[in-house]
Amino acid sequence: MSGLLSHVRGPSYCIRSENIKCMVDCSSFVSNIGNSSDAPKTDTHLISFPSLRLKTTTRMIMQRLHLESSGSGSGVQYYKRGHRVIVGASPSTEAAAIATAPLKKEDLVAYLASGCKTKEKWRIGTENEKFGFEIKTLRPMKYEQIADLLNGIAERFNWEKIMEGDNIIGLKQGKQSISLEPGGQFELSGAPLETLHQTCAEVNSHLYQVKAVAEEMGIGFLGIGFQPKWGVNDIPVMPKGRYEIIRNYVPKVGSLGLDVMYRTCTVQVNLDFSSEVDMIKKFRASLALQPIATALFANSPFTEGKPNGYLSMRSQVWTDYDNNRTGMLPFVFDDSFGFEQYVDYALDVPMYFVYQKKKYIDCCGLSFRDFMSGKLSPIPGELATLNDWENHLATIYPEVRLKRYLEMRGADGGPWRSLCALPAFWVGILYDEVSLQSVLDITADWTPEERQMLRNKVPKSGLKTPFRDGLLRHVAEEVVKLAKDGLERRGFKESGFLNEVVEVVRTGVTPAEKLLEMYHGKWGGQSVDPIFEELLY
């Protein structure tokens with residue numbers, strides 16, 4: 001049970017590993033999902049927080065919070081990944097026990113704080129999404145084809161199936177999982193791994209397996225950030241309960257929510273922190289630099305067969321999804337920021353749903369605070385559990401997201417090279433103290449208005465975005481150099497994975513601009529169909 005919080009601000013969030021008691025073997029902890037026929041059975045765990053009140057301890061026993069968390073990996077929360085409960089994509093976590101006392105805010109804070117771990121335990125977790133399409137028609141995969149693909153991968157490569165009712169909606173194997181986004185985007189949520197060599201090998205193995213089955217079905221996969229050819233109404237809807245609730249809600253709070261759900265793909269990396277202070281540094285550095293990542297990996301310049309006027313349409317559509325749960329989070333740069341302040345923010349974000357008894361209960365627009373006090377109107381008298389809190393945190397989508405690790409959310413999906421370059425960029429900066437401090441020094445005097453300006457303009461102008469006395473490209477050159485230096489100091493010979501972005505800053509030409517050049521050149525300016533071959537995995 002090492003790697004827990006050893007030094008943070010405020011005694012309530014200081015959790016020392018020598019004070020934590022497990023009455024069972026904590027390494028065998030598995031989260032009870034209750035969403036699938038093969039969901040694991042409930043175990044009983046006793047975990048004590050001497051720094052918290054006795055009632056808090058009782059609540060945490062009842063809710064089975066497993067503390068040896070890892071900040072790597074993400075995606076389907078189905079079972080223990082490494083030493084961490086996964087929360088993110090479907091299926092959702094179902095409470096293993098009924099709460100007998102209301103959650104308090106300090107419980108929610110302690111949950112985030114439990115993600116802290118010592119540096120030698122830091123890992124790298126990657127997520128990548130891709131569009132599946134019929135090679136003959138270029139149309140998106142139907143769910144029936146996706147089901148056949150998932151079943152084929154499961155049988156040929158020994159993955160376990162994840163079911164929602166009678167529908168297969170994902171796979172798991174060891175510490176990896178495959179899940180479906182609302183429009184059938186195929187997502188690999190990787191295992192928490194130590195080096196970029198391992199993460200890149202994992203992606204390579206995944207793509208090999210997917211291609212081996214998909215090619216026999218006449219299916220291909222496209223590495224891009226936004227569906228280049230088909231409209232929202234052309235995208236098949238996945239049979240997942242949570243997505244129906246969200247699909248009905250998002251048009252009420254933003255004009256582009258359905259585009260986000262059905263027509264975007266991203267690549268993400270999820271990284272650890274050692275303490276509250278370390279989390280704050282990494283959160284601030286990564287938020288400030290997220291527009292640079294968006295520019296470096298911009299790869300979505302087409303919509304419905306034509307140039308859309310943007311380099312990253314994926315990033316642009318997020319600007320009008322739901323402003324209550326997206327954005328640049330300026331409060332992260334306040335002197336008072338810490339775990340508690342993020343909890344305050346998350347509590348102010350309206351809910352989507354509660355998952356109980358293998359069903360999704362529509363709670364859109366309602367307050368998690370009311371849920372904590374048993375006043376949630378669809379389920380009056382029922383109290384929120386920490387599993388409900390996990391699910392709620394997974395429905396918040398800022399440019400950088402805090403769970404028990406930090407998620408970098410600013411990059412477009414792309415070809416194989418970018419799937420390895422994105423984690424290399426962030427690991428080189430955030431996992432090296434010298435590079436991290438250098439970034440903090442560079443961005444220290446950036447104003448909230450400047451950070452928001454970059455967020456607003458980068459989707460359209462990329463590295464050519466004017467910034468102070470030059471262009472964003474000039475800052476990006478410096479930052480990429482810091483990332484490369486950081487990787488070299490790690491000692492794993494990983495800096496080669498940055499070659500893709502080194503070339504982007506050297507030339508100033510983003511992947512999207514290369515695609516536009518081909519569209520107006522050798523593609524003849526009439527069709528985006530060649531992109532399905534150009535960016536085929």
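Tabulated data for the structure shown
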| quantity | calculated |
| --- | --- |
| Farthest toward positive dipole pole in region 189-329 [+1 Lys/Arg, -1 Asp/Glu at C-beta], among 317, 207, 274 | 317 |
| Euclidean distance of C-alpha centroids, region 147-166 and region 221-263, integer Å | 23 Å |
| Highest-first arrangement of 327-336, 100-109, where packing means the average Cβ count within 10 Å | 100-109, 327-336 |
| Förster radius 30 Å - calculated FRET efficiency between residue 526 and residue 234 (Cβ-Cβ, nearest 0.05) | 0.95 |
| Lysines with Cα under 16 Å of residue 358, excluding same-chain neighbours fewer than 8 positions away | 41, 240 |
| Net dipole in debye of region 372-419 [+1 Lys, Arg Cβ; -1 Asp, Glu Cβ; about Cα centre; nearest 20] | 140 debye |
| Cα gyration tensor category, rounded, prolate or oblate, for region 141-286 with a/c compared to 1.5 | oblate |
| Between region 492-524 and region 278-294, the Cα center-to-center distance that results, in Å | 23 Å |
| Relative packing of peptides 338-346, 210-218, 125-133 - highest average C-beta neighbours within 10 Å first | 125-133, 338-346, 210-218 |
| Solvent-accessible area of residue 246 with every protein chain in place, 1.4 Å probe, in Å² to the nearest 10 | 10 Å² |
| Which of 242, 473 is most accessible, then next, and so on - probe 1.4 Å | 473, 242 |
| Distant-in-sequence amide H partners of residue 327 (H built 1.01 Å from N, under 5 Å) | 399 |
| Global geometry of region 310-392, whether rounded, prolate or oblate, following the gyration tensor of its Cα atoms and the 1.5 cut on a/c | oblate |
| Cut-off under 5 Å, modelled amide H: who pairs with residue 162 long-range | 169, 170, 171, 172 |
| Cα centroid of region 298-324 to Cα centroid of region 376-408, whole Å | 27 Å |
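The values are calculated or read from the model by the stated rules, or taken from the named source; none is laboratory data. Here the structure is a predicted model, which means the values were calculated and not measured. Counting neighbours? That spans all protein chains shown, and the Cβs are built from the backbone with ideal geometry, glycine included. Ligands, DNA and RNA are stripped out before the accessible areas are found, and what is left, the full protein with its side chains, is counted by its heavy atoms. Shrake-Rupley method; radii C 1.70, N 1.55, O 1.52, S 1.80 Å.
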